[in-house]
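J.: Quick one: structure below, then a few questions.
The values are calculated or read from the model by the stated rules, or taken from the named source; none is laboratory data. Here the structure is a predicted model, which means the values were calculated and not measured. Note that each Cβ is placed from the backbone with ideal geometry, even for glycine, and that neighbours are counted across all protein chains shown. SASA here: full protein model, heavy atoms, side chains in, ligands and nucleic acids out. Shrake-Rupley method; radii C 1.70, N 1.55, O 1.52, S 1.80 Å.
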Amino acid sequence: MNGCTFLIQEEMKPSMLFSIIEREPSQTPKTQSPILIPRISSSILPPQNPPKNLPEFFFPSPISSSLSHEESPVSVMSTPIPREWLGLQQFPAATQTKLFELLGKLKQENVNTLTILVMGKGGVGKSSTINSLLGEQVVRVTAFQSEGLRPVMASRMWAGFTLNVIDTPGLVEAGYVNHQALQLIKGFLLNKTIDVLLYVDRLDAYRVDDLDKQIVRAITNSFGKDIWRKSLLVLTHAQLCPPDGLKYDLFSSKRSEGVLKAIRVGARIRKKEFDDSTIPVVLVENSGRCNKNDNDEKILPNGEAWIPNLVKAITTVATNKSQAIVVSKKLVDGSDANDRGKLWIPVILGLQWFVIKWIQGAIKRDIATGNGPI
Ligand SMILES: Nc1nc2c(ncn2[C@@H]2O[C@H](COP(=O)(O)OP(=O)(O)OP(=O)(O)O)[C@@H](O)[C@H]2O)c(=O)[nH]1
Ligand SMILES: [Mg+2]
């Protein structure tokens with residue numbers, strides 16, 4: 001158990017501000033695909049500090065190294081060509097071992113590609129979480145209002161497994177849900193399949209309000225209720241000292257409950273339905289000042305190494321029995337998000353027809369018997 005550390009200033013490593021990005025959102029014309037920055041050397045090397053006892057498929061054969069990214073075809077449908085996942089080798093050996101085990105399980109279940117969508121309010125740590133997850137500075141992090149409205153996708157490949165992560169702009173602007181951003185996200189996701197949604201918020205916020213529910217409603221209206229079956233809640237800024245002398249675990253579970261309730265209410269999901277498919281919650285601390293354990297892994301104040309936790313939750317959601325969300329043209333056009341309600345339309349129209357017929361009949365009878373109003 002580590003003592004609480006007060007983070008006086010929210011900060012990430014300065015290098016993050018000048019990070020390598022998949023695309024410069026503010027400089028990209030509206031219709032363009034992401035800019036692909038070619039890598040000079042793309043030979044796939046074994047990990048620099050490989051953990052022991054790894055299955056053989058984690059060390060790609062030299063043949064695969066001949067498939068350099070320069071030789072690969074250019075990106076199709078705004079999907080960047082995956083680069084090798086070098087960040088994986090930057091994690092401490094203990095973390096690598098856990099991640100390889102989890103990725104190995106995915107491969108055993110024939111999951112060779114995973115697409116993760118990351119959404120939430122502005123400035124909550126969406127981009128930072130992506131950088132932490134990939135172990136690389138792939139998307140821009142800024143402490144101030146970000147300018148870009150466009151989503152960005154980073155693709156990383158390791159031993160035949162491809163991880164796509166889609167960063168999105170904050171969904172709140174000037175206290176309102178940013179529907180324009182949501183529309184751009186939908187357009188960007190056209191024909192893509194979302195395996196997991198990371199809904200990001202901060203752990204160190206004490207209240208949920210109506211805006212939280214409105215954001216959830218807007219996401220639900222855009223992608224359908226079922227997206228919540230493929231989601232997990234990520235709470236950032238998790239290295240904190242809870243207020244009022246509350247224990248860390250109690251504080252974090254109360255905060256999680258609050259946000260989960262906002263999701264349930266915002267998405268209009270019945271309590272029973274929601275309890276049956278609980279949304280996993282993962283606590284995250286993206287700051288460079290995050291405490292570490294003896295194995296050099298980033299840990300939370302309760303001693304848990306959070307990166308393996310996050311990857312584990314992602315794999316659990318990805319392989320749960322619910323279907324991944326396919327973003328079809330119909331969905332993007334706004335006509336398919338919650339289709340089930342539409343089944344009632346013919347029934348309602350039929351009932352209306354019967355009621356009208358009955359009223360017309362009653363009027364005719366009244367006229368015939370002379371019982372009408374004087
Ligand atoms: N202490 C701390 N700071 C964080 C954490 N996550 C993000 N930050 C900081 O919070 C600020 C915003 O982080 P971003 O990752 O850019 O947040 P975002 O949600 O992507 O922001 P937008 O793209 O503008 O919506 C940056 O200054 C980050 O360094 C965290 O877990 N702990
Ligand atoms: Mg961001």
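J.: In the range 225-239, how many are open to solvent by less than 40 Å² (accessible area, probe 1.4 Å) and within 15 Å of the chain's Cα centre (by Cα)?
T.: Looking only at the range 225-239, we keep the residues that are open to solvent by less than 40 Å² (accessible area, probe 1.4 Å), and these are 227-228, 230-236, 238-239.
From the residues that got through so far, the ones that are within 15 Å of the chain's Cα centre (by Cα) too are 227-228, 230-236.
Counting residues in the range 225-239 that are open to solvent by less than 40 Å² (accessible area, probe 1.4 Å) and within 15 Å of the chain's Cα centre (by Cα) gives 9.
J.: Has the range 243-259 got at least one residue that is open to solvent by 30 Å² or more (accessible area, probe 1.4 Å), modelled with pLDDT of 95 or more and touching an Asp or Glu at 6+ places or on another chain (Cβ under 7 Å)?
T.: no
Residue-by-condition table, conditions (1) closer than 25 Å to SER127 by Cβ; (2) open to solvent by less than 40 Å² (accessible area, probe 1.4 Å); (3) touching an Asp or Glu at 6+ places or on another chain (Cβ under 6 Å):
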| site | (1), (2), (3) |
| --- | --- |
| ARG268 | no, no, no |
| PHE274 | no, yes, no |
| THR278 | no, no, no |
| VAL282 | yes, yes, no |
| ASN291 | yes, yes, no |
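J.: Let me ask you something else. Would the range 68-82 turn up any residue that is open to solvent by less than 60 Å² (accessible area, probe 1.4 Å) and modelled with pLDDT of 85 or more? Step through it out loud before you land on a result.
T.: Narrowing the range 68-82 to residues open to solvent by less than 60 Å² (accessible area, probe 1.4 Å): 68-69, 72, 75, 78-82.
Narrowing further to those that are modelled with pLDDT of 85 or more: 81-82.
Yes, because at least one residue in the range 68-82 is open to solvent by less than 60 Å² (accessible area, probe 1.4 Å) and modelled with pLDDT of 85 or more.
J.: Note down all Cβ pairs under 7 Å where the first residue falls in the range 156-168 and is touching a residue at least 24 places away in the same chain (Cβ under 8 Å) and of a type in the set (Lys, Arg), the second is outside any loop (DSSP other than H, G, I, E, B) and within 16 Å of ligand 2 (Cβ to nearest atom), and they're at least six residues apart or on different chains.
T.: These pairs meet every condition: ARG156/LEU134.
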